[in-house]
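Presented below is the structure to which this report refers.
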Amino acid sequence: MTNQEKKAFLLKYSKCNKKISLLIEELYLWETRATKITSVNTGMPKGSGTSDKISSSVARIIQIKEELQSEIDKLSDMTGKVYKAINSLNDPTLETLLMYRYIRGLSWEEIAVKMNFSFRHLCRMHGEALSKMSLNGTKCP
């Protein structure tokens, strides 16, 4: 397996994690909207606009929750595989580098500061880590 394929495998975890965060934000927005929908009683007969808004909001909330659960299940499945691949390095420094990058989603600059390495050295270490990392038949979800 090439380093690019290994990198793509690791990136799937962080992309899934980011998608979960976005879905949680969207869910919060829809729930907030749904609680703010109120009807005004003027005594005049009107259509069911308010109940339509509420039901469409509830439908969207249910849809987001289903998608969120699906992504959480994917992330849960990926977590063990990603940790196993990173731990296959048997080098705490390289493992830390990959954890910061792919699990915590830190930028290269943040990692350089935390690990006290230059950006160029991090790039070399990253390449070394990818080369040494073993996926041992791990299939990408």
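The values are calculated or read from the model by the stated rules, or taken from the named source; none is laboratory data. What you are looking at is a predicted structure, and each value in this text was computed from that prediction instead of being measured. Here the Cβ positions follow ideal geometry from the backbone for every residue, glycine too, while neighbour counts run over all protein chains shown. The protein model used for the area step is the full one, side chains on, heavy atoms only, and it has no ligands, DNA or RNA in it. Shrake-Rupley method; radii C 1.70, N 1.55, O 1.52, S 1.80 Å.
Under 10 Å, Cα contacts only: if you run a Gaussian network model on the chain, which one of 36, 18, 84 comes out with the highest mean-square fluctuation?
Top of the fluctuation ranking is 36.
Over the chain, with every protein chain in place, what whole percent of the accessible area is carbon and sulfur at 1.4 Å, could you tell me?
On the way: 4920 of 9100 Å².
Ligands and nucleic acids excluded, carbon and sulfur reach 54 percent.
Among 62, 20, 111, which one moves the most in a GNM of the chain with springs linking Cα atoms closer than 10 Å?
Result: 62 has the largest fluctuation of those listed.
Which of 122, 103, 35 sits farthest toward the positive end of the charge dipole of the chain, with +1 on the Cβ of Lys and Arg and -1 on the Cβ of Asp and Glu?
122
Per residue, how large is the accessible surface of the chain? Use a 1.4 angstrom probe and give square angstrom.
Computed with neighbouring chains in place, this is 65 Å² per residue.
Could you work out the local net charge near residue 89, counting Lys and Arg as +1, Asp and Glu as -1, over the other residues with Cβ closer than 10 Å to its Cβ?
Computed value for this residue: -2.
Run the reach check for residue 132 against lysines, Cα to Cα strictly under 30 Å, same-chain hits fewer than 8 apart removed. What comes back?
Output for residue 132: 6, 7, 12, 15, 18, 19, 74, 81, 84, 114.
Semi-axes of the equivalent ellipsoid of the chain: what are they in whole Å, largest first, if each equals the square root of 5 times a C-alpha gyration tensor eigenvalue? Display every interim value, and only then the final one.
Working: eigenvalues 427, 57, 17 Å².
Equivalent ellipsoid of the chain: 46, 17, 9 Å, largest first.
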